[in-house]
């Protein structure tokens, strides 16, 4: 059996990823941990090497084993033997022809540079240049690197050891946040030191040491004469690695942001990760931000943050036009006192769509209460869930119903009330032409929390509910329900499509938005 694992590590105290004669390496630490479980030599193969001091948020490796453990058990077991600066994020079984290095089709790197005053706390995680740079000149010159080029002068590879220096950079974005500059590059592969030498060259340009013609000359590939510029390793992060998917025309309309209080990452990070994962459509639908409510922030966003949210997404639409299609929405609860406000957001054009989600039993005008997934859901609660869901669907406000089977996350057994609820939701949704969502979030939670085997029972999607979806003939959409940019590459993505195939459900690639007049 071949296992694919995604690992995050702090590279500060390593001489690099690959095992070396001397010094601490990530590969050695991981192999030692796995061999304590398997009790036999178990070599691992990574997507590529990272150098000394370089970090990874989503490095990928694979290994062979005959041990029969669930993916959650593999993750927990390996992590129990790893040092605190390495952590396994996920494990999954892959076909025998999967190869962490040779199957990869894209890698995403981020480099972080600080112009602020020197900080001893950040010295291992950010390149502290601590001086002014002309960011606009770097942004303009970054376009020169996009596309297929011969990068022999932006790497440390020897001509004897490298068959070809030609690589393709599909995406290169530079932005500043306060006094930090973030460089994001996505390409089909990178040579040794390539990213750091590109960044170093752009820094030299911004300091007035070279001009754009110098870069063009070095990209011509006429002779091997490497640039002398190389940014330090501590500012570099391998963000994630992309592999081929059988799914085409990927779209996700269920994306959260930090404003909800339980998601992380900048809005733009979600866009970049979606592009790297092959998504063509990205809809932002953070939890509703109700005006006048600013203190229930763990579950819903602050009402005062809605204007900033809308402005941010509109800005990203313009910036990434022609690269990825971006839409603006919200994931919204339904209670009668919220209906007119929700309707006004759609009628005014501030939002393109609303996703309906039934998380709570009650709303007192100030806060939501009684989460359905908390583990104490009664049959009476299920009937209440059914009643409010039908009322919401009949308003005509919602383009689809997110995790419609959420009530089963807090139910220990499938009862008559559950069956009646499922039929009522499915029949009403079909009558009103409202798709139902297979939610990847429930699959992620099941994998991460256990303890049952998620091949038999996800928290949600719940098998019996989706058997009724199949019977009724509802339209189906898959939602990532993403709260961290790294989740686009989670094993839950593959499992959600496998679940749909197993249930005989055809997944929509596009969701039409409801028109409100």
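Post the alpha-carbon centroid distance, segment 337-397 to segment 457-517, in whole angstrom.
20 Å
Which order results if 151, 61 are arranged by neighbouring Cβ count within 10 Å, fewest first? Walk me through the numbers on the way to the answer.
On the way: 151 27, 61 24.
Placing the least packed residue first, the sequence is 61, 151.
Please state the relative contact order of segment 1-85 as a whole percent: Cα pairs under 8 Å, 6+ residues apart? Write out the running numbers ahead of the final one.
Values: 133 pairs, mean separation 35.2, N = 85.
Normalised by residue count, the contact order of segment 1-85 is 41 percent.
Using Cα atoms only, what is the angle between the long axis of helix 306-319 and the major principal axis of the chain, expressed in degrees (0 to 90) to the nearest 10?
With both axes taken from Cα atoms, the answer is about 50 degrees.
How far is helix 26-38 tilted off the main Cα axis of the chain, in degrees rounded to 10, range 0 to 90?
Around 50 degrees separate the two axes.
Can you put 471, 84 in order, fewest other beta carbons within 10 Å first?
Details: 471 11, 84 6.
Least crowded to most crowded, the residues run 84, 471.
By how many degrees, 0 to 90 and rounded to 10, does the Cα axis of helix 194-206 deviate from the longest principal axis of the chain?
80 degrees
Can you pull a Stokes-Einstein diffusion coefficient for the chain at 4 °C (1.567 mPa s), Rh from Kirkwood over Cα pairs, as a whole number of µm²/s? Could you put the intermediate results ahead of the total?
Numbers: Rh = 24.7 Å.
Estimated diffusion coefficient is 52 µm²/s.
State the percent of C-alpha pairs, over all pairs in segment 102-151, separated by a distance greater than 14 angstrom. Walk me through the numbers before you get to the answer.
Working: 844 of 1225 pairs.
That fraction is 69 percent.
What whole-number distance in Å separates the alpha-carbon centres of segment 1-66 and segment 91-135?
17 Å
Calculate the translational D of segment 106-239 in whole µm² s⁻¹ from Stokes-Einstein, where the hydrodynamic radius comes from the Kirkwood formula applied to all Cα pairs, the temperature is 20 °C and the viscosity 1.002 mPa s.
Numbers: Rh = 15.0 Å.
The estimated diffusion coefficient comes to 143 µm²/s.
Using Cα pairs closer than 8 Å and at least 6 residues apart in sequence, work out the relative contact order for the chain, in percent. Show your work: numbers first, answer last.
Details: 1032 pairs, mean separation 60.8, N = 517.
Reported as a whole number, the value is 12 percent.
Kirkwood Rh over alpha-carbon pairs of segment 245-503, then Stokes-Einstein at 20 °C and 1.002 mPa s: what D in µm² s⁻¹, rounded to an integer? Working shown, then result.
Details: Rh = 18.5 Å.
So the translational diffusion coefficient is about 116 µm²/s.
If I model a spin label as a point 7 Å beyond the Cα along the Cα-Cβ vector, how far apart are those points for residue 136 and residue 156 in nm?
Going from the residue 136 label point to the residue 156 one covers 3.6 nm.
Out of the DSSP beta bridges found with both residues in the chain, what percent are antiparallel (nearest 5)? It would help to have the intermediate numbers written out before the result.
Details: 47 of 76 bridges.
Beta bridges within the chain, antiparallel portion: roughly 60 percent.
Going by how many other Cβ atoms sit within 10 Å of their own, how do 130, 418 line up, fewest first?
Details: 130 13, 418 24.
Ordered from fewest to most neighbouring Cβ atoms within 10 Å, 130, 418 come out as 130, 418.
Read-outs: derived from the displayed coordinates by stated rules, not from any lab. Keep in mind that this is a model prediction, so the values were computed, not measured. FYI the Cβ positions are ideal-geometry reconstructions off the backbone, even for glycines, and counts take in every protein chain you see.
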